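A.B. asks: To start, I am sharing the structure in question, which I have written as structure tokens.
The values are calculated or read from the model by the stated rules, or taken from the named source; none is laboratory data. Keep in mind that this is a model prediction, so the values were computed, not measured. When we count neighbours, we look across all protein chains shown, and the Cβ atoms used for this are built from the backbone with ideal geometry, even at glycine.
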Amino acid sequence: MVANTIDEVIDILGDIIESSRNDESTLGYFACLYQKVTISVKDKLHTNYFDDDARMEQLDVLFANRYLLAYTDYKQGKPITKSWDMAFQASSNNSLIVLQHLLLGMNAHINLDLGIAAAEISDASSINTLHSDFNKINGVLASLVEEVQEDLSKIWPTLVKILKFANKVDDFFINFSMSIARDGAWKFANELVAQKELKSREHYMALRDDKIAALSKSITVHKIVVRLIFFIVRIGERGKPSDKIKALERVVKNRTK
């Protein structure tokens, strides 16, 4: 699946959401959030929000295609990046809460894919002109994720009660700070665009992939106290994956109106 326009990205994500709902797959969680993020980016085009609308749509499509291709290749049993493999393999882990699934997807997509997409539409002399819009697209995602987290707590009250009770869980969220992810992705994009040889770029991408795949463990592996806390939260998340996808759709729909 490859998209050529932002509208095609939205449509393909819709297909993934529908397939995940039918298959009772947790893979639909990230696709649901990402579709709404893409709609938010589209709605901001031609409103003077971005510095360069045409470039932003190009970045958005290239960025999205890295996820869409990873998803398709994973479904077909083809090799994919280690970062996405960690996220997709976790879809069968029934002990993870919705928020962990979302963070696993964002880890692979922002920390690895975003820098690669930014480097693909830039060169060493032009990448600095992208910095403002690069931060803005991250801002769209960050604001939506924070608001979704807040509203998920209203749907599954156990989440907010447990997180307020146990300060140790804060370390879990600190491990995946949106601002840290954004800055790391921008630094990676600049390092990547400076590599003139294809083999050198591939080497940098492989090293980055190893690092981001390792970071996935901080989202899924915790000390026993934290595991117990997430287990309690998980019990509070009643329903099948399809029910949770519907809940996510309602939450994000309200936030993108």
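A.B. asks: Going residue by residue through region 21-28, is there one that turns out to be within 15 Å of the chain's Cα centre (by Cα), of a type in the set (S, T, N, Q) and under 18 Å from His109 (Cα atoms)?
C.D. replies: Yes, region 21-28 has at least one match.
A.B. asks: Residues in region 172-181: is at least one farther than 23 Å from Leu141 by Cα, at pLDDT 60 or above and not in a helix (DSSP H, G or I)?
C.D. replies: No - not one qualifying residue is present in region 172-181.
A.B. asks: Among the residues of region 75-86, are any outside any helix (DSSP H, G or I), in contact (Cβ under 8 Å) with a residue 60 or more places away in the chain and not hydrophobic (A, V, I, L, M, F, W, C)?
C.D. replies: Yes, some residue in region 75-86 is outside any helix (DSSP H, G or I), in contact (Cβ under 8 Å) with a residue 60 or more places away in the chain and not hydrophobic (A, V, I, L, M, F, W, C).
A.B. asks: OK, next. List pairs: first in region 12-31 and on the phi > 0 side of the Ramachandran plot, second surrounded by fewer than 23 Cβ atoms within 10 Å (Cβ to Cβ) and assigned to a helix (DSSP H, G or I), Cβ under 9 Å, 6+ apart or cross-chain?
C.D. replies: These pairs meet every condition: Glu24/Pro241; Glu24/Ser242.
A.B. asks: Which one of the conditions (1) of a type in the set (S, T, N, Q); (2) at pLDDT below 90; (3) under 14 Å from the mean Cα position of the chain (by Cα) does Ser153 fail to meet, given that it meets all the rest?
C.D. replies: Unmet for Ser153, out of (1) of a type in the set (S, T, N, Q); (2) at pLDDT below 90; (3) under 14 Å from the mean Cα position of the chain (by Cα): (3).
A.B. asks: Suppose we keep only residues that are aliphatic (A, V, I, L, M) and more than 14 Å from the chain's Cα centre (by Cα) within region 51-79. Which one would you say is surrounded by the fewest Cβ atoms within 10 Å (Cβ to Cβ)?
C.D. replies: Ala54
A.B. asks: Would you say Ala124 is small (Gly, Ala, Ser), under 21 Å from Asp210 (Cβ atoms) and at pLDDT 80 or above?
C.D. replies: no
A.B. asks: Let me ask something additional. Among the residues in region 5-25, are any buried (at least 23 other Cβ atoms within 10 Å of the Cβ) and touching a Pro at 6+ places or on another chain (Cβ under 9 Å)?
C.D. replies: Checked region 5-25: no residue is buried (at least 23 other Cβ atoms within 10 Å of the Cβ) and touching a Pro at 6+ places or on another chain (Cβ under 9 Å).
A.B. asks: Go through region 1-58 residue by residue and tally those that are assigned to a helix (DSSP H, G or I) and farther than 29 Å from Pro241 by Cα.
C.D. replies: The number of residues fulfilling the criteria is 7.
A.B. asks: Now, a different point. Condition (residue is β-branched (Val, Ile, Thr) and modelled with pLDDT of 90 or more) applied to region 128-136: is it met by at least one residue?
C.D. replies: Yes - at least one qualifying residue is present in region 128-136.
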